[in-house]
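FYI, it's all coordinate maths here, none of it is from the lab. Since we're looking at a predicted model, the values are computed, not measured. Virtual Cβ from ideal backbone geometry, glycine too; neighbours counted across all protein chains shown.
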Amino acid sequence: MAQAQESGSDGRDESEADRLDRNYGELLQELRVAETGVQILFAFMLSIAFQQRFQTLDDLQRTIYVITLLFCTLSIALLVAPVAFHRLTFRQGLKDELVKITNRLALAGTSFLLLAVLSGVLLIFDYVVGRGFAAVVTTVLAVLFISLWVVLPLSRRREESHSGG
């Protein structure tokens with residue numbers, strides 16, 4: 001039985017099932033990029049604890065290290081969760097829920113990835129060049145990341161919705 005084709009607001013002629021499949025495929029591609037980044041950062045963070053110079057970290061640096069490792073771990077959990085959800089709900093007619101939940105998990109995982117990157121930068125700069133400079137660099141990077149990852153897309157979305165597109 002053929003599914004009815006619809007023309008969505010984006011001008012595509014596709015069925016609801018095709019739209020959900022496309023959206024899920026796009027989400028998975030985005031997750032692959034984020035997962036690679038967080039896995040590399042996580043591996044780096046794990047290796048730091050086994051270096052001789054790790055013992056020279058002060059209490060604040062150790063705290064930042066633990067927090068960074070926690071942020072990496074949470075990011076991995078959130079970014080990989082869609083795979084487990086998909087496997088456990090495969091062929092159960094839950095594709096719409098899968099896409100919605102995957103989107104939320106991806107946003108949450110990316111948020112923890114941002115926190116992990118920033119706290120990792122804070123740790124390394126604090127250790128290498130000092131606390132004051134580390135705070136400045138981390139703040140500037142936080143503004144840059146938030147501008148690129150949040151402000152830019154939301155402003156474009158707002159402009160697009162106001163222009164009627």
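Scanning the range 70-104 for residues that are surrounded by 21 or more Cβ atoms within 10 Å (Cβ to Cβ) and more than 17 Å from L41 (Cβ to Cβ) yields a total of 2. Name the single residue, out of those in the range 141-165 being among the hydroxyl-bearing types (S, T, Y) and exposed (fewer than 10 other Cβ atoms within 10 Å of the Cβ), that is farthest from F42 (Cα to Cα). By that ranking, first place goes to S163. Does T138 satisfy the criteria of being more than 25 Å from A81 (Cα to Cα), within 19 Å of the chain's Cα centre (by Cα), surrounded by 12 or more Cβ atoms within 10 Å (Cβ to Cβ) and not acidic (D, E)? Yes; evaluated as a whole, the condition is true for this residue. Of note, L113 does not satisfy the criterion of being surrounded by 20 or more Cβ atoms within 10 Å (Cβ to Cβ), within 16 Å of L31 (Cα to Cα) and in contact with an Asp or Glu (Cβ under 6 Å, 6 or more places away or on another chain). Apart from one condition, L60 fits all of (1) loosely packed, with under 13 Cβ neighbours inside 10 Å; (2) more than 19 Å from the chain's Cα centre (by Cα); (3) under 30 Å from A17 (Cβ atoms); the exception is (3). Across the range 18-40, not a single residue is classified as more than 15 Å from D96 (Cα to Cα), touching a residue at least 40 places away in the same chain (Cβ under 8 Å) and over 12 Å from the mean Cα position of the chain (by Cα).
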